[in-house]
Amino acid sequence: MKVIVAIDSLKGSLSSLEAGKAVEDGIKKAIPTAEVMIKPVADGGEGTVTALTTGLQGSLEKVAVTGPLGQKVEAAYGILPDKTAVIEMAEAAGLPLVPVDKRNPMETTTYGVGELISHAMDRGCRKFIVGIGGSATNDGGVGMLQALGCHFYKKDGIEIGFGATELKDLETIDTEALDKRLKECTFEIACDVTNPLCGTTGASAVFAPQKGADETMVVKLDAALAHFADVTEKALGVDNRNMPGAGAAGGLGFAFASYLGGDLRPGVEIVLDAVLPEKELSEADIVVTGEGRFDGQTAMGKAPVGIAKRAKEKDCMVLVFAGSIEPQGVRKVQDEMQLVDGAFPILPGVMTLEEAMQKTVAYENMSYTAEQVFRLIGNCYIK
């Protein structure tokens, strides 16, 4: 029996890898001969670097880069065995790196993101998975591109500074000095928003207030990004301002698509492409997935549903283990979507949420539930 275990993290309790190991322990107690493969799961947001790097036996790199306010920060990214770099932009330009009283998206920069990419290229990476959630920035990705060698000039020939403040003064763009290695690179951008670059649903109007912008600033930021898109179109002959996701991370999605050929896709799809190869799914009998709470939101397309869809395409049995389960959500994926064969809450009895989320308790509960389910499965296989 071959089993793939791909469980999302139980936030605040077990990591994806820890949950997977708990299920493996339970399966092995029930069926010692079972072959179990643990696959890390993430949605492309916070925790993706750790999940993929740890689960796929990669290495973690730490490097000092330019933070969103121009300060030096230590940022981590992962390098997988096939030399794929896994980067979270928030490591270099995330909102938590900016004190609340200093949050101003007119000033923050994505320069450090470009430095992370450059560092990864120095290590031989030419394929990139980049999560762009949680940004503190609204500079259209100009800072990242500056770090990679692109020049953005005002009328007087002076290069614009960090942040969105001087985007309105942008006159010409020179891409000739962009790092030549970028032509060898591919960028898969984990982007779970569909906002365009500008307008009432754009980067500035929707996300900038979360980063410290007031109403007046939002208007200026939106105009600045629109101007940046105009000058980009003149320089490159492309207009991606209305592309779904162009407004992600203050326009970083626009920069990746326009200047680096980035492919913007839902984060969970990118991660699953990396961790669930078609060949391994084809050879599996059972796929176990789950998360902290399996409910109606899960059915809307979260990681467990993405996993279940891929598993069912290969005729695998799909089981769900979760901290808690909403029957309505389960029925949707079972009856309407026909993706799940059985869903099991791991709590053995009444306990407080605090107790249930303790790492040792959650691990034991997950392991015990897996053992009992697979005892039944094992008996059926034997018969």
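The values are calculated or read from the model by the stated rules, or taken from the named source; none is laboratory data. Only a predicted model underlies this, so the values are computations on that prediction, with no experimental measurement involved. As a convention, Cβ positions derive from the backbone with ideal geometry for all residues, glycine included, and neighbour counts pool all protein chains shown. When the accessible area is computed, the model is the full protein with side chains, heavy atoms only, and any ligands, DNA or RNA have been set aside. Shrake-Rupley method; radii C 1.70, N 1.55, O 1.52, S 1.80 Å.
Magnitude of the charge dipole for the chain, about its Cα centre and with charges confined to Cβ atoms of Lys, Arg (+1) and Asp, Glu (-1), is about 640 debye. Ellipticity at 222 nm from helices only: DSSP H runs of n ≥ 4 in the chain, each -39500 (n - 2.57), divided by the residue count, give -11000 deg cm²/dmol.
Here the calculated FRET efficiency for GLN358 and LYS28, from their Cβ-Cβ distance with R0 = 22 Å, stands at 0.45, rounded to the nearest 0.05. For ASP335 and LYS180, a Förster radius of 51 Å and the Cβ-Cβ distance give a FRET efficiency of 0.40, rounded to the nearest 0.05.
The residues of segment 249-367 expose on average 44 square angstrom of accessible surface per residue, using a 1.4 Å probe on protein heavy atoms. Simple rule: put +1 on each Lys or Arg Cβ and -1 on each Asp or Glu Cβ in the chain, find the dipole, and look at CYS380, LEU353, ALA92; the Cα lying farthest toward the positive end is CYS380. Calculate, for GLN210 and GLU313, the FRET efficiency according to 1/(1 + (r/R0)^6) with r their C-beta to C-beta distance and R0 22 Å; round to the nearest 0.05. Calculated transfer efficiency: 0.05.
Measure off, as a whole percent, the carbon and sulfur share of the 1.4 Å-probe accessible area of the chain, all protein chains present. That fraction is 51 percent.
Does segment 288-383 come out rounded, prolate or oblate, given a ≥ b ≥ c as the square roots of the eigenvalues of its C-alpha gyration tensor, rounded meaning a/c under 1.5 and, failing that, prolate meaning a/b above b/c? Taking the square roots of the gyration eigenvalues as a ≥ b ≥ c, segment 288-383 is oblate.
Compute the Cα gyration tensor for segment 1-116, then decide on rounded, prolate or oblate, letting a ≥ b ≥ c be the square roots of its eigenvalues: rounded whenever a/c is under 1.5, prolate when a/b is larger than b/c in the other cases, and oblate in all that remain. Let's see the in-between values first.
On the way: a/c = 4.12, a/b = 2.39, b/c = 1.72.
Verdict is prolate for segment 1-116.
Quick one: Kirkwood hydrodynamic radius for segment 63-137, alpha-carbon pairs, angstrom, one decimal? If you can, show how the numbers build up before the last one.
On the way: mean 1/r = 0.0809 Å⁻¹.
Across segment 63-137, the inverse of the average 1/r is 12.4 Å.
Set against the labelled values [x] 5, 20, 27, 21, 14, 6, 3, 2, 1, 1, 0, 0; [y] 5, 25, 35, 25, 9, 1, 0; [z] 5, 23, 28, 21, 15, 6, 2, 0, 0, P(r) over Cα pairs in 10 Å bins from 0, in percent computed from this structure falls on [z].
A simple spin-label model places the labels of LEU60 and ASP156 4.6 nm from each other, with each point 7 Å out along Cα-to-Cβ.
When the Gaussian network model of the chain links Cα atoms closer than 10 Å, the mean-square fluctuations of LYS62, LYS279, LYS154 top out at LYS279. Given the options GLU91, GLU313, GLU166, which has the most mean-square fluctuation in a GNM of the chain, springs set between C-alpha atoms less than 10 angstrom apart? Top of the fluctuation ranking is GLU313. Taking 7 Å steps out from each Cα toward its Cβ at TYR368 and ASP285 produces label points 2.6 nm apart.
For the cross-link pairs LYS154/LYS220; LYS155/LYS220; LYS72/LYS155; LYS72/LYS102; LYS83/LYS183; LYS62/LYS302, the ones whose C-alpha atoms lie over 25 Å apart are LYS72/LYS155; LYS62/LYS302. Note that segment 1-155 presents 36 Å² accessible area per residue, ligands and nucleic acids not counted, probe 1.4 Å. Within the shell defined by Cβ-Cβ distances under 12 Å, the residues around VAL113 carry a net charge of -4, with Lys and Arg each +1 and Asp and Glu each -1.
Counted by Cβ distance under 14 Å from GLY245, the other residues give a net charge of -2, where Lys and Arg count +1 and Asp and Glu count -1.
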